[in-house]
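Here's the structure, in structure tokens; my notes come after.
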Amino acid sequence: MRPLGMTSHEFLDHTSETVLRVQAPDLPGLFAEAARGLGEIERGGIAGTGERVEHEVSVESSDAAGLLADWLNEVIWISETGQFVPDSVEIRLRGDTALTATLAGERLAASPSLVKAATRHALRLEREASGWIAEVTLDV
């Protein structure tokens, strides 16, 4: 590294990412479980208000893996703007690239803001003999 006052740049490693690994016997179950897992991370220690809320969501993407990332980013946005994390999720797939969903959960006393985004970096969505598995890197 050069002394201060000189022009330079460098890359520093950091631990601002976590990987959410999800398994389910079918694709709708995998998308639902991913949202519940994200909700668990987002809620942290934020108190609930006791008020139950529901959100209807539609998401489309270019492929199934992209749909998973876009879906989680929609859940992040709803969580932050609605002071909410889902504990109940119903997924209705429309092919491999679109879904509609009903999210239900308790309104929170504050907006969660731990997860900034679900990224496409090292995004993995695969069908295996026992069902589906996914790994999504979350920017925290």
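Summed over the stretch 48-80, the residues that are of a type in the set (D, E, K, R) and more than 14 Å from Ala32 (Cα to Cα) give a count of 6. For the residues Glu135, Glu90, the requirement of being farther than 20 Å from Thr49 by Cβ and modelled with pLDDT of 95 or more singles out Glu90. Pick from the stretch 15-31 the residues that are open to solvent by 50 Å² or more (accessible area, probe 1.4 Å) and over 14 Å from Val136 (Cα atoms): which of them is modelled with the lowest pLDDT? Going through the qualifying residues, I end up with Thr15. Taking the criterion of being closer than 17 Å to Ser88 by Cα and β-branched (Val, Ile, Thr), the only residue of the stretch 14-33 that qualifies is Val22.
Scanning the stretch 38-61 for residues that are closer than 17 Å to Thr137 by Cβ, open to solvent by 20 Å² or more (accessible area, probe 1.4 Å) and in contact (Cβ under 8 Å) with a residue 60 or more places away in the chain yields a total of 1.
The values are calculated or read from the model by the stated rules, or taken from the named source; none is laboratory data. Note that the structure is a prediction, hence the values are computed from the model and not measured. No Cβ is skipped: glycine too gets one built from the backbone with ideal geometry, and neighbour counts run over all protein chains shown. What goes into the accessible areas is simple: the full protein's heavy atoms, side chains included, and nothing from ligands, DNA or RNA. Shrake-Rupley method; radii C 1.70, N 1.55, O 1.52, S 1.80 Å.
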